[in-house]
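Shown below is the structure under consideration.
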Amino acid sequence: MTPIQMTRVTGLRGQNLPGDGPVSHGARIHGLDTVRGLALLGVLIINLDSEFRVTLFEQFQPAALASASSSFDRLISMLLGLLIEFKAFAVFSLLFGVGLAMQFDRLRESSRSRVLVRRLLVLLMFGVIHLTLVWNGDILTEYAIAGLVVIPFLGRSRLTLGVAAAGAMLLYLAVPWIPLPFSFPSAEWIDSHVTTARAVYGGGSFLEVLRFRLEELPQIAKLHAYVFPRTVALMLLGALIWRSGVLKPGHGARSPMLSAGAVLVVLGAAASITAIPGMAPGWIGPVSTGAAPVLLAVGYAALLWVISSSRLGWLVDWAAPAGQMAFTNYILQSVILGLLFYGYGAGLMGQLGVSAGLGVSILLFLLQVIASSFWLRSYRYGPLEWVWRSLTYGSVQAWKRPDPRIANGM
């Protein structure tokens, strides 16, 4: 498949005409679906490893985990932390900002804010349902709230978007030195909580798990509050990238994006090294800890975009169907992992090592890619994407693909 084919935009909606309806399948940009799909794989790997295979707060007990793991599992865990952890979520935030800016540009000026706010409120509804009934590690709620913060900036100049993104990122990097209105759990609380969480999540009934999940929410909300400025910054950066035009078909920005991606990955790797305790003095370590995932995430996204638009696209394009149905697949991952690891299902929490969990993640994602490919042969959108669009636009959206024989007049 050629670069033009992979990023082609066809049909009336593909001409960027203003309107109030959703973007049609033909108006999608293939490279974005590819990057989103691979980010979804990264999110799945990290979610399974740190929030289903074990409980959420066990990741704050690195010494205990290391002593209970094999040397191979410790190596895999280190690689996941260096290469994927926090980076996949950051890529998702970046792409969410790109999507908001695309929709903003396409909608009529008189309806932009109304449609986008309604879209985010629907997402917020889904997020609340997800974090209460399925899994309290949900990111949809944070994305919806952050999106509402970003909307007023979408009509501003690129300079304003850049300044706002930089300001939000500086706020995030400065959080370690800012007095917060809340405190993080103590080591004693974490130790006690982890013991209880393993027992409830690994062996409890659905109602017992639900009750405990709701009790955890105040502590988990603190973690979301800590990274919220980063989420806003990345969404603003995504909007700025879209506004720059480099993602639009025919722009010819592949070489600059390749160079930018390579530089960002190198800078991110350097920041990761200086973030290691004892490697850098004073304030450098905390700043590097916050900056490294962001630099690597933006670098990853740029390089994956370039690969997808080149003759090597086959290396990454296989993930595009899952990316096109990312909303459905994200929720489905939580449901499946809950059935695998919680007590009301197979109860595997605490019984799998890091490498075994990685294998489960890859297998599940490959099955989702296959299922998404088959689904998209008959439907324009995933099931939850269709519900989201229908609720956003206040009418039932057409989602079946037309029969090609009828479309060709046969």
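The values are calculated or read from the model by the stated rules, or taken from the named source; none is laboratory data. The structure presented is a predicted model; accordingly, all values stated were derived computationally and were not measured. Note that we place each Cβ from the backbone using ideal geometry, even for glycine, and neighbour counts take in every protein chain shown.
Please verify whether LEU154 is surrounded by fewer than 20 Cβ atoms within 10 Å (Cβ to Cβ), under 22 Å from the mean Cα position of the chain (by Cα) and either aliphatic (A, V, I, L, M) or within 23 Å of TRP242 (Cα to Cα) (or both), treating the condition exactly as stated.
Judged against the criteria, LEU154 is not a match.
Out of SER310, SER390, report the one residue that is polar (S, T, N, Q), outside any helix (DSSP H, G or I) and under 30 Å from LYS248 (Cβ atoms).
Numbers: SER390 fails: outside any helix (DSSP H, G or I).
Sole residue among the options that is polar (S, T, N, Q), outside any helix (DSSP H, G or I) and under 30 Å from LYS248 (Cβ atoms): SER310.
Are any of the residues in segment 110-117 under 24 Å from SER244 (Cα atoms), small (Gly, Ala, Ser) and at pLDDT 95 or above?
For segment 110-117, residues under 24 Å from SER244 (Cα atoms), small (Gly, Ala, Ser) and at pLDDT 95 or above: absent.
Restricting the search to segment 199-218, which residues are hydroxyl-bearing (Ser, Thr, Tyr) and surrounded by fewer than 18 Cβ atoms within 10 Å (Cβ to Cβ)?
Once the filter is applied, which keeps residues that are hydroxyl-bearing (Ser, Thr, Tyr) and surrounded by fewer than 18 Cβ atoms within 10 Å (Cβ to Cβ), segment 199-218 yields only SER205.
List the number of the failed condition for VAL117; all other conditions in (1) free of Cβ contacts under 8 Å to residues at least 40 places away in the same chain; (2) of a type in the set (A, V, I, L, M); (3) under 25 Å from PRO185 (Cβ atoms) hold.
(3) is the only condition that VAL117 fails.
Restricting to segment 338-347, name every residue that is touching a Leu at 6+ places or on another chain (Cβ under 6 Å) and touching a residue at least 24 places away in the same chain (Cβ under 8 Å).
Across segment 338-347, the qualifying residues are LEU340, PHE341.
Here's a follow-up. Could you identify the single residue in ALA326, ALA302, ALA291 that is under 27 Å from MET235 (Cβ atoms) and modelled with pLDDT of 95 or more?
Result: ALA326 is the single residue among ALA326, ALA302, ALA291 that is under 27 Å from MET235 (Cβ atoms) and modelled with pLDDT of 95 or more.
Sticking with this structure for a sec: Quick check on THR160: is it under 20 Å from the mean Cα position of the chain (by Cα), in a helix (DSSP H, G or I), of a type in the set (Ser, Thr, Tyr) and more than 18 Å from PHE228 (Cα to Cα)?
On the way: under 20 Å from the mean Cα position of the chain (by Cα): no; in a helix (DSSP H, G or I): yes; of a type in the set (Ser, Thr, Tyr): yes; more than 18 Å from PHE228 (Cα to Cα): yes.
Answer is no for this residue.
Something else: If only one of PHE182, PHE212 is in contact (Cβ under 8 Å) with a residue 12 or more places away in the chain, in a helix (DSSP H, G or I) and of a type in the set (Phe, Trp, Tyr), which one is it?
When all the criteria are applied, what remains is PHE212.
Answer yes or no: is there a residue in segment 199-222 that is modelled with pLDDT of 90 or more and within 28 Å of SER310 (Cβ to Cβ).
No, every residue in segment 199-222 fails to be modelled with pLDDT of 90 or more and within 28 Å of SER310 (Cβ to Cβ).
Now for a separate question. For the subset of segment 352-371 comprising residues that are more than 20 Å from the chain's Cα centre (by Cα) and in contact (Cβ under 8 Å) with a residue 40 or more places away in the chain, which member is farthest from LEU79 (Cα to Cα)?
LEU352
Please count how many residues of segment 197-226 are farther than 16 Å from THR132 by Cα and within 25 Å of the chain's Cα centre (by Cα).
4
If the Cβ limit is 6 Å and pairs must be 6+ apart or interchain, which residue in segment 138-151 that is surrounded by fewer than 19 Cβ atoms within 10 Å (Cβ to Cβ) pairs with which residue that is part of a loop (DSSP other than H, G, I, E, B)?
Partner pairs satisfying both residue conditions: none exist.
Keeping to segment 265-313, report how many residues are free of Cβ contacts under 8 Å to residues at least 60 places away in the same chain, buried (at least 19 other Cβ atoms within 10 Å of the Cβ) and of a type in the set (A, V, I, L, M, F, W, C).
8
State whether the residues of segment 377-385 include one that is farther than 23 Å from ALA322 by Cβ, modelled with pLDDT of 85 or more, surrounded by fewer than 18 Cβ atoms within 10 Å (Cβ to Cβ) and out of contact with any Leu (no Cβ under 7 Å at 6 or more places or on another chain). Let's see the steps before the verdict.
Filtering segment 377-385 for residues farther than 23 Å from ALA322 by Cβ gives none.
Scanning segment 377-385, I find no residue that is farther than 23 Å from ALA322 by Cβ, modelled with pLDDT of 85 or more, surrounded by fewer than 18 Cβ atoms within 10 Å (Cβ to Cβ) and out of contact with any Leu (no Cβ under 7 Å at 6 or more places or on another chain), so the answer is no.
What number of residues in segment 89-117 are assigned to a helix (DSSP H, G or I) and hydroxyl-bearing (Ser, Thr, Tyr)? Give the steps one after another, and end with the answer.
So in segment 89-117, the residues assigned to a helix (DSSP H, G or I) come out as 89-106, 112-117.
If we keep only those that are hydroxyl-bearing (Ser, Thr, Tyr) too, we end up with 93, 113.
Total satisfying the criteria: 2.
Looking at LEU120, is it out of contact with any Asp or Glu (no Cβ under 8 Å at 6 or more places or on another chain), modelled with pLDDT of 95 or more and either assigned to a loop (DSSP other than H, G, I, E, B) or more than 21 Å from ALA39 (Cβ to Cβ) (or both)?
No; evaluated as a whole, the condition is false for this residue.
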